[in-house]
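The values are calculated or read from the model by the stated rules, or taken from the named source; none is laboratory data. Source: prediction; values computed, not measured. Here the Cβ is made from the backbone with ideal geometry for all residues, glycine too, and neighbour counts use every protein chain on show.
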Amino acid sequence: MNIRCEIPSDYQAINEVNRLAFVGENEVKIIEAIRQSDFYIPALSLVAEVNNQIVGHIILSYIHLIGEEQLKVLALAPLAVHPQFQKQGIGSELVTVALTKATEIQEALVIVLGHPDFYQRFGFEPSVNYGIASPFPVAQEFFMVKTLKKSDQNYRGKVVYPPAFTQDGDF
């Protein structure tokens, strides 16, 4: 397996992986909107290849955390693995590499809405432990945060997703 940054010629294959993994267009629209926004970080949009075929994708992009001040933090969403390649560690490797790259570029923390059994393995904890509130009603164990570096900033407040995440009205 090879993990690398996405390039424009990958977009169709990335869309197909997301369509199949999520059974629909929602995540495809979110990814496309992120790419066209100021919240896109090319170095944090990664693909996993097996035999030169894209079988997985992860994107970390900026969102706002609004508390005493407005801060940019990262959102991990979406993460997709082609159904024929799931349960083989590809998603885990994508998360590991993405978090490593985010740490290398000095990002402070990552927010994810996901399954605790999966994300806790990478050090994610309920965001309420850090005084970080979800922008929508969700059981607190599913809205999580992982700190990447110590900071003097006060990373507390309410998460606000950019318009890219509102493609279907779920956020």
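What the table shows:
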quantity	calculated
Filter pass, Ala21 being buried (at least 17 other Cβ atoms within 10 Å of the Cβ), part of a helix (DSSP H, G or I), of a type outside the set (Ser, Thr, Tyr) and at pLDDT 95 or above	yes
Long-range neighbours under 6 Å by Cβ, at least six apart or interchain, first residue within 21 Å of Ala108 (Cβ to Cβ) and touching a residue at least 12 places away in the same chain (Cβ under 8 Å) within segment 131-147, second among the basic types (Lys, Arg) and not in a strand (DSSP E or B)	Gly131/Arg156
Count of segment 51-71 residues which are at pLDDT 95 or above and charged (D, E, K, R)	0
Segment 51-98, subset more than 22 Å from Lys29 (Cβ to Cβ) and within 13 Å of the chain's Cα centre (by Cα), residue surrounded by the most Cβ atoms within 10 Å (Cβ to Cβ)	Val95
Identity of the residue in segment 26-57, in a helix (DSSP H, G or I) and charged (D, E, K, R), that ends up farthest from Met1 (Cα to Cα)	Lys29
Lone qualifier among Ala98, Ala164, Ala133 - being of a type outside the set (S, T, N, Q), within 25 Å of Ile3 (Cβ to Cβ) and in contact with a Ser or Thr (Cβ under 8 Å, 6 or more places away or on another chain)	Ala164
Identity of the residue in segment 26-50, at pLDDT 95 or above, under 20 Å from Gln86 (Cβ atoms) and surrounded by fewer than 20 Cβ atoms within 10 Å (Cβ to Cβ), that ends up nearest to the chain's Cα centre (by Cα)	Glu49
Failed condition for Thr103, given (1) out of contact with any Leu (no Cβ under 8 Å at 6 or more places or on another chain); (2) at pLDDT 95 or above	(1)
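Here is a yes/no grid of residues against (1) farther than 19 Å from Ile66 by Cα; (2) modelled with pLDDT of 95 or more; (3) among the basic types (Lys, Arg); (4) surrounded by 16 or more Cβ atoms within 10 Å (Cβ to Cβ):
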| residue | (1), (2), (3), (4) |
| --- | --- |
| Phe118 | yes, yes, no, no |
| Arg121 | yes, yes, yes, no |
| Pro126 | no, yes, no, yes |
| Phe136 | no, no, no, no |
| Phe142 | yes, yes, no, no |
| Lys146 | no, yes, yes, yes |
| Gln153 | no, no, no, no |
| Ala164 | no, no, no, yes |
| Gly169 | yes, no, no, no |
